[in-house]
Amino acid sequence: MTLFSQSLLGLFSHGFAKIAILFLYLRIFTLSRRAKFMIYGGMLWTAITYLPTLVTESYFCAPHAGQPWSVKIMAGCAKTYNWELAMAALSLALDLFLLVFPASQIVKLQLSMPKKGGIVFVYLIAIG
């Protein structure tokens, strides 16, 4: 039961953390209509990536009516492997978007190249 709850809480925390980062981008950058559309698309992408995973894990990794919690239940989680692999690829693409998007906004700032470089450097340190 602990592994099941950790898995679901991990999915919630990862999904909400990514959405929070996207809301932060909305707040700190002066964005064009296209950039806002990209951020809202990223939020939709996050929901499309994480919500079905919550449903599949809740169904396959939990006992059904009349079944006790046991090690055999975790064997049902193996049925979600292909979906989780797809979810990992979608999540990786979203992570790359979260990494690249601020750089595209920093380039548009009206600052000298050394100052832009300093901002990118600080940003990369914060990520690392």
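The values are calculated or read from the model by the stated rules, or taken from the named source; none is laboratory data. Here the structure is a predicted model, which means the values were calculated and not measured. Using ideal geometry, Cβ is built from the backbone for each residue, glycine included, and neighbour counts are taken over all protein chains shown.
Yes or no, residue by residue, for (1) loosely packed, with under 10 Cβ neighbours inside 10 Å; (2) polar (S, T, N, Q); (3) modelled with pLDDT under 85; (4) more than 21 Å from Thr53 (Cα to Cα):
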site: Met74; (1), (2), (3), (4): no, no, yes, no
site: Phe97; (1), (2), (3), (4): no, no, no, no
site: Pro114; (1), (2), (3), (4): yes, no, no, yes
site: Gly128; (1), (2), (3), (4): yes, no, yes, yes
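Taking the options Ala35, Ala47, Ala65, Ala20, name whichever one is at pLDDT below 80 and hydrophobic (A, V, I, L, M, F, W, C). Break it down into steps so the answer makes sense when it comes.
Details: Ala35 fails: at pLDDT below 80; Ala47 fails: at pLDDT below 80; Ala20 fails: at pLDDT below 80.
Within the list Ala35, Ala47, Ala65, Ala20, the selection yields Ala65.
Going by what's in this entry, would Phe12 be described as out of contact with any helix residue (DSSP H, G or I) (no Cβ under 6 Å at 6 or more places or on another chain), surrounded by fewer than 17 Cβ atoms within 10 Å (Cβ to Cβ) and within 16 Å of Met87 (Cβ to Cβ)?
Details: out of contact with any helix residue (DSSP H, G or I) (no Cβ under 6 Å at 6 or more places or on another chain): yes; surrounded by fewer than 17 Cβ atoms within 10 Å (Cβ to Cβ): yes; within 16 Å of Met87 (Cβ to Cβ): yes.
Criteria met by Phe12.
Just to be sure before I move on: is Lys18 closer than 16 Å to Val100 by Cα, out of contact with any Ser or Thr (no Cβ under 9 Å at 6 or more places or on another chain) and basic (Lys, Arg) in the structure I sent? Reasoning before the result, please.
Values: closer than 16 Å to Val100 by Cα: yes; out of contact with any Ser or Thr (no Cβ under 9 Å at 6 or more places or on another chain): no; basic (Lys, Arg): yes.
No.
Just checking, does region 104-118 include any residue being touching a Phe, Trp or Tyr at 6+ places or on another chain (Cβ under 8 Å) and not hydroxyl-bearing (Ser, Thr, Tyr)? Even if it seems obvious, please write down each step before you answer.
Step one: list which residues in region 104-118 are touching a Phe, Trp or Tyr at 6+ places or on another chain (Cβ under 8 Å), which gives 105-106.
Next, only the ones that are not hydroxyl-bearing (Ser, Thr, Tyr) stay: 105-106.
Yes, that holds for at least one residue.
Given the options Thr49, Thr30, Thr53, Thr80, name the one that is out of contact with any Asp or Glu (no Cβ under 8 Å at 6 or more places or on another chain), buried (at least 17 other Cβ atoms within 10 Å of the Cβ) and of a type outside the set (A, V, I, L, M, F, W, C). Write out each step before concluding.
Numbers: Thr30 fails: buried (at least 17 other Cβ atoms within 10 Å of the Cβ); Thr53 fails: out of contact with any Asp or Glu (no Cβ under 8 Å at 6 or more places or on another chain); Thr80 fails: out of contact with any Asp or Glu (no Cβ under 8 Å at 6 or more places or on another chain).
After applying the criteria, what remains is Thr49.
Which helices (runs of 4 or more DSSP H) does region 26-128 wholly contain that include 3 or more residues that are closer than 18 Å to Ser13 by Cα and touching a residue at least 40 places away in the same chain (Cβ under 8 Å)? Spell out how you get there, then give the answer.
Details: elements: 33-60, 71-76, 81-107, 113-127.
It comes to 33-60, 81-107.
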